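Shown next, in structure tokens, is the structure this report addresses.
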There are 2 protein chains.
Amino acid sequence: MLDKGFLDKLKGIVGDENCRTDTAERYCYAFDGGIHRAMPDAVVRPQTTQQISDMVKLANEYKVPIIPRGAGTALCGHSVAISGGVSVDLQGMNKIKEIHVEDLYVVVEPGVIYDQLNAALAEKKFFFPPDPGSAEACTIGGMAACNASGMRAIKYGATREYVLGLEVVMPTGEIVEMGSRTIKDSSGYQFAKFMLGSEGTLGIITEITLRVIPKPKKNAVAVAAFNKLEEAGQGVSNIIGYPVLPSGIELMDDVCIKAVNQATNLGLPEVEALLLIEVDGHPEAVKEDIEKVAEICKSSGATSVEYTDDEKRKVELRKGRKSMIPALSRYKPEWAAVILADDMAVPISKIPQTVKAFHEIADKHGIIVATYGHAADGNLHTKVLMDPLDPEHWKHGEQATAEIFEAVHNVGGTTTGEHGTGITKAPYMRAERKSLIEFMKKIKRTLDPNNIMNPNKMMDWEEGIITHLRYPVNIGGGTDPKNPEGKKSGGSD
Amino acid sequence: MLDKGFLDKLKGIVGDENCRTDTAERYCYAFDGGIHRAMPDAVVRPQTTQQISDMVKLANEYKVPIIPRGAGTALCGHSVAISGGVSVDLQGMNKIKEIHVEDLYVVVEPGVIYDQLNAALAEKKFFFPPDPGSAEACTIGGMAACNASGMRAIKYGATREYVLGLEVVMPTGEIVEMGSRTIKDSSGYQFAKFMLGSEGTLGIITEITLRVIPKPKKNAVAVAAFNKLEEAGQGVSNIIGYPVLPSGIELMDDVCIKAVNQATNLGLPEVEALLLIEVDGHPEAVKEDIEKVAEICKSSGATSVEYTDDEKRKVELRKGRKSMIPALSRYKPEWAAVILADDMAVPISKIPQTVKAFHEIADKHGIIVATYGHAADGNLHTKVLMDPLDPEHWKHGEQATAEIFEAVHNVGGTTTGEHGTGITKAPYMRAERKSLIEFMKKIKRTLDPNNIMNPNKMMDWEEGIITHLRYPVNIGGGTDPKNPEGKKSGGSD
């Protein structure tokens, strides 16, 4: 419960209408797209940076946790108020403030939605390339806080490659300018880059300056089917090593293919691995590249390859991948696609052995692990298919998850390529960052001496904090496990 | 003077042959390419990360400054031992450890030279794009420490866009792994990115994992002459806004043109501004883009435009830009091109008004400011042309520098696009980063509690520390101002 004096002052800062403490409102902020649930004590919707600064200073005075939040599409509990406190909804700060394509930058507020920004940029033949699965809903502020990316990272990089400058309200309330509006900047420590992926633990991002680039003129798509996963992996390596730099390569394993065929009439080939390969650029380059991609796939062992630059056919070829996430949650009656080990990244050539290891781990635990993702940049997504009401399934799901992350770390991979750490991946991130974790804590303690900014996440997660909060366990005003809404996996990747 | 006990232990760590205290050796490490000079108390050449870790722990025990150093090509005094201590030459750690182009990364030791890495990558049709002026000499470790870039940043970004992972010896001696070997990584705070541009104040980089990309197949060059600087600036904006994304646009102002014509027989047109524009990519794209560039230059007011993809002619067209730095230092007998305000960056469209402001400032102070640089990414370089033995020239040169930086900050620009802060630009970086500077200091104090890593630079510079150290003033064993070697401007940009 919040102190009444705190609450009165909070309302004084953001206005009564932007500060809510009723259960219905708090419930709406109790979860993101992942498995963790906890209600904040209050929800505020600030409209200005100054309001945020004043609020953060107040929170320091009263030692109240502050949990920044964009659209809530993340999958790891980043914005779940596991220690109570104030959920800060930034979606109201949603103006595109400046577009200067001839200077290659835009300035936006954190609540601007990814697709809306790109719609505005498209009018000028420019774009902001990272392409998250939640593009229609996710905010630029959330993308920056989590260093989001998507299908095009192999060619275009992640959000961290595009943020030039930030305005940030620090954990102690100061409003700070980081980075610049210039393409190059070596002026002092790269604080703006450091904030990317700090997941609201080091401050609240209130303005973002993004580099933008011209949109490619054309793209083309190829779909290749491989009887052997290893051959698909070799195909990816052969394409990149040739070199052809695709704009994306999506992988679907046999579980994903089966799920899509069960749920749709797409009739995908029942093989070990499908690759959906995209190239973009100048029309002549696209033509040459997609032909070369098809040739390399065949010589790497593909049993079938189709490629096209026809707009209608491209949409059809992408359908299998697009329908996969809902298809996976319908894989088996009463089962759900649970977000446990959801976002590993490995060196690209390690994909086949990693996916094989995942299957072996799943078999050992009597569950199913579906693997798909952005093969071109080594970013694998998995869903654990299991009965979420069966405690034994949870036990095996979590053991499998631990083993999956171990397998990833063993090949030089990382816990999370684009979703971030939050709650779900905190123990695995900590295992991966053994030599770094104490320095992460030092920085956090230095910049946030009262530990109010999104506390107890990432490096500060402790076993005891979260075990009672996990879906589908019903907690104070939380989800009814029999409610089918509870099975939705929320975000997308 | 170093404590004998410290020195004995230091020799025990790196070996007698890799630890030198004689004046001749220390003198060689007393400067970089800039204007500041100070001899370290010792020079060491470590061969392993473990030696560096042991040495840093020892330095903490004895509170001795440690100054990491690559090839010494920087221009701002980054590696000048202004507080004495041990200069750590990392050039001996120069192995390319791994090349995995099909995984899009390489692993190198810090002493690997930029051009050598790219020669090795070229065999596989790949490259590491940042293109510093000192490419033939500078080390990858130095590039990472200073977040170096060069002529191609508009299209390919700076070093910060390519570093995936680092091994770092922290200021307290711990060996820490940061980042990863994967293209994507959202696993914890982005420490690897934060180290880029920290200029040796937060640790010693002992291994670098770099993303690499396929080399473009072809390039072409255009040279356009503009009677009015504003028209050249408009031309740059029109090219980018069209959009054509060039791989680089180099600007030369009238002072640079005059200097080149005085020193060579190239016979450049005596106009207000020359642009050297490069495009690269697929041959068809290059053909279309360079034709479009020429067309846009003409419609923006260029009095002459030449473009070519002929290898021999390209070399000739680049000659003016290539010969400019030595030409500037011969501009007037007894004068030198002094590195004071050397590396500002502004939003691209602000270039014309900024260069005009520089000329007005120079006129006011009776000196000459030559401006050139990477117009496509807004990164301007200037040299102050003056008599380095005339104290009045220094006074005016430094006043002009302060006004130049003020003009840059007034248009939303930054103190340094690619050279870094070091000593020379410390006061201006501090003026620019008003809201951030205290947080820079906090991080430094937290990670380096004994303040031993390259101390008294960047945010920690104080007026009193450096005024007696500046070239051409002769200090203990330092440079004789009558020695013509003293006039060399060292690095390149």
Give the separation of the Cα centroids, region B:253-288 to region A:344-392, in Å. 54
Could you tell me the accessible area of B:K155 in Å² (1.4 Å probe, neighbours in place), rounded to the nearest ten? 60
Go through B:D363, A:D8 and list them by solvent-accessible area, largest first, probe radius 1.4 Å. B:D363, A:D8
Taking the label point 7 Å from Cα in the Cβ direction, how far apart in nm is B:R318 from each other copy of itself, listed shortest first? 3.8
Here D for chain B, in µm²/s, from Stokes-Einstein with a Kirkwood Rh over Cα pairs at 20 °C and 1.002 mPa s, works out to 92
Cα-derived Rg over Rh, computed across region A:96-214 with Rh taken as Kirkwood radius: 0.94
How big, in percent, is the set of alpha carbon pairs in region A:169-214 lying more than 16 Å apart? 41
Grab the alpha carbons of region A:359-408, take their convex hull, and tell me the volume per residue in Å³. 64
Leaving out ligands, DNA and RNA but keeping every protein chain, what accessible area does B:E288 have, in Å² rounded to the nearest 10, with a 1.4 Å probe? 80
Can you list residues whose amide H is under 5 Å from A:A148's amide H, if they're 5+ apart or on another chain and H is modeled 1.01 Å from N? A:T159
Quote the accessible area belonging to B:Y307 in square angstrom, nearest 10, computed with a 1.4 Å probe and with ligands, DNA and RNA left uncounted. 100
Average projection area in nm² (convex hull over Cα atoms of region B:400-458, one quarter of hull surface): 4.3
The distance between the Cα centres of region B:160-230 and region B:94-118, in whole Å, is 13
Rounded to two decimals, the Debye log10 I(q)/I(0) of region B:161-242 (Cα scatterers, no solvent) at q = 0.11, 0.18 Å⁻¹ is -0.55, -0.77
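Provide the convex hull volume over Cα atoms per residue for region B:218-410, in Å³.
Taking only Cα atoms, region B:218-410 has a hull volume of 97 Å³ per residue.
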Ballpark to the nearest 100 Å², how much total accessible area do A and B bury together, probe 1.4 Å? 7200
Could you put B:H393, B:H36 in order of accessible surface area, largest first, with the 1.4 Å probe and the full protein assembly present? B:H393, B:H36
If all Cα-Cα distances of the protein assembly as shown are sorted into 10 Å bins from 0 onward, what percent lands in each bin, rounded to whole numbers? 2, 12, 21, 24, 21, 13, 6, 2, 0
Hey, what's chain B come to in accessible area per residue, 1.4 Å probe, Å²? 33
At 222 nm, what value in deg cm²/dmol follows for chain A if DSSP H runs of at least 4 each add -39500 (n - 2.57) and the sum is divided by all its residues, to the nearest 500? -10000 deg cm²/dmol
Tell me, what HN-Hα J-couplings in whole Hz come from the Karplus equation 6.51 cos²θ - 1.76 cosθ + 1.60 at θ = phi - 60° for each residue of region B:284-292, using x for Gly and Pro? 5, 5, 4, 4, 5, 5, 6, 5, 5
Using Stokes-Einstein with the Kirkwood hydrodynamic radius over Cα pairs, what translational diffusion coefficient do you get for region B:103-160 at 37 °C and a viscosity of 0.692 mPa s, in µm²/s rounded to a whole number? 287
Could you run the Karplus curve 6.51 cos²θ - 1.76 cosθ + 1.60 with θ = phi - 60° over region B:218-231 and give me ³J(HN,Hα) per residue in whole Hz, x for Gly and Pro? 8, 9, 9, 10, 10, 10, 10, 9, 10, 5, 10, 4, 4, 5
Please determine, in degrees from 0 to 90 and to the nearest 10, the orientation of helix B:254-263 with respect to the longest principal axis defined by the Cα atoms of chain B, where the helix direction is its Cα long axis. 80
For region A:247-305, max minus min Cα coordinate along each principal axis, in Å, sorted largest first? 38, 22, 16
If the viscosity is 1.002 mPa s and the temperature 20 °C, what translational diffusion coefficient in µm²/s does Stokes-Einstein give for region B:37-105 when Rh comes from Kirkwood over Cα pairs? 158
A:I213 long-range amide H proximity, modeled H, under 5 Å: A:F127
Working from Cα positions, state the angle (0 to 90°, nearest 10) between the long axis of helix A:49-62 and the longest principal axis of chain A. 60
Using bins 5 angstrom wide from zero, how does P(r) for region B:1-79 break down, in % of all Cα pairs? 3, 15, 25, 26, 19, 10, 2
Can you pull the percent of Cα pairs in region B:1-149 with separation above 20 Å? 50
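The values are calculated or read from the model by the stated rules, or taken from the named source; none is laboratory data. Please read these numbers as outputs of a predicted model, since none were measured by experiment. Counting neighbours? That spans all protein chains shown, and the Cβs are built from the backbone with ideal geometry, glycine included. When the accessible area is computed, the model is the full protein with side chains, heavy atoms only, and any ligands, DNA or RNA have been set aside. Shrake-Rupley method; radii C 1.70, N 1.55, O 1.52, S 1.80 Å.
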